[in-house]
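To start, the structure itself, in C-alpha cells.
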Amino acid sequence: MAYRSSNTPTSRNRLSDRDMLLDILATTKSMSSLYDHAILESNDSMVRETFENLQQDEHHSAEMIYNIMQEQGMYNIGSRQSLGQRYRKSQNSDSRYNMQNIDRYSHTSSRSQLSRKLSGGATNTTASRSRELSSQTNWNM
Amino acid sequence: MPYQNNLTSKERSYLEDALQMENLCMTKCSVYANQCQMPEFKSLFSDHAKAKRQHANEIKRILGQTNSQMS
C-alpha cells in the first residue's frame, strides 16, 4: 500500500497542496511564538516595536492561510451543526459543573464522586455503591 | 539613527533565530510556489515568500547596523 495522507491524495515524494499550506501555517505559528517571546524579552523599545510589527504580519498571514484552507475545505474543524452541538454540549457540562459545585456541600455526593473516580467511571454502579457505603462507614468510624 | 544602542545578547539571539526562520520559510515558500498544483496557491506562496524576504531584510538591517557600530 502506498503512503496516503489523511485527507488529500499524496503522490510519492511529493507534498500535496494541503500539506504545503499546513506546513507554512505551522511555520507561521512557531515563528509567532518566537516573536511573542522576543517582544516580552526585548530591552530596546525600537527592537520591540520591530518584533511587534513582524508578529502582526505573522498573525495576518496565519489568518490568510487559514481562511484560504477553510474556503477550499482543507481544514476541517467540523461543520456548523457540529459546532452547535459542541456548544450545547459545553452548556450541558457547564450545568453539570454547577451541579457538582452544589453537590460539593453535601457529604454523600462528594463521596460517591470519589468512589466513582476510584472505580474508574460510573459504569459499575453497584461496585461504586458498595464502595461508597464502605468509605462512608470508614468515615464514620 | 533608530538603533543607537547595542543589542543585548538576548535580543541578538532572538534576531538571529528569527532571521533563520524567515529565511527558511522564504525558501520553503518559493519551493512550494513551484510545486503546488493550484494556481491560486502559487501566487499565495510567492507573495508569502516576498513578505518573508522583507522580514529577513528588516532583521538583517537591525543586526547589521549594530554590527557595524560594534566593529
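The values are calculated or read from the model by the stated rules, or taken from the named source; none is laboratory data. None of the values given here were measured: they were computed from a predicted structure. As a convention, Cβ positions derive from the backbone with ideal geometry for all residues, glycine included, and neighbour counts pool all protein chains shown.
Observations, loosely collected:
To keep it simple, each residue is scored yes or no on (1) within 10 Å of chain A (Cβ to nearest Cβ); (2) modelled with pLDDT of 90 or more.
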| site | (1), (2) |
| --- | --- |
| B:11 | yes, yes |
| B:16 | no, yes |
| B:26 | no, yes |
| B:29 | yes, yes |
| B:33 | yes, yes |
| B:37 | yes, yes |
| B:43 | no, yes |
| B:55 | yes, yes |
| B:70 | no, no |
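- Residue match in the stretch A:20-30 (condition: of a type in the set (Gly, Ala, Ser), assigned to a helix (DSSP H, G or I) and more than 10 Å from chain B (Cβ to nearest Cβ)): yes
- Condition check for residue A:5: among the hydroxyl-bearing types (Ser, Thr, Tyr) and modelled with pLDDT under 95: yes
- Residues that are at the interface with another protein chain (Cβ under 7 Å from one of its Cβ atoms), in a helix (DSSP H, G or I) and either of a type outside the set (A, V, I, L, M) or buried (at least 18 other Cβ atoms within 10 Å of the Cβ) (or both), drawn from the stretch A:38-80: A:38, A:41, A:47, A:50, A:54, A:57, A:61
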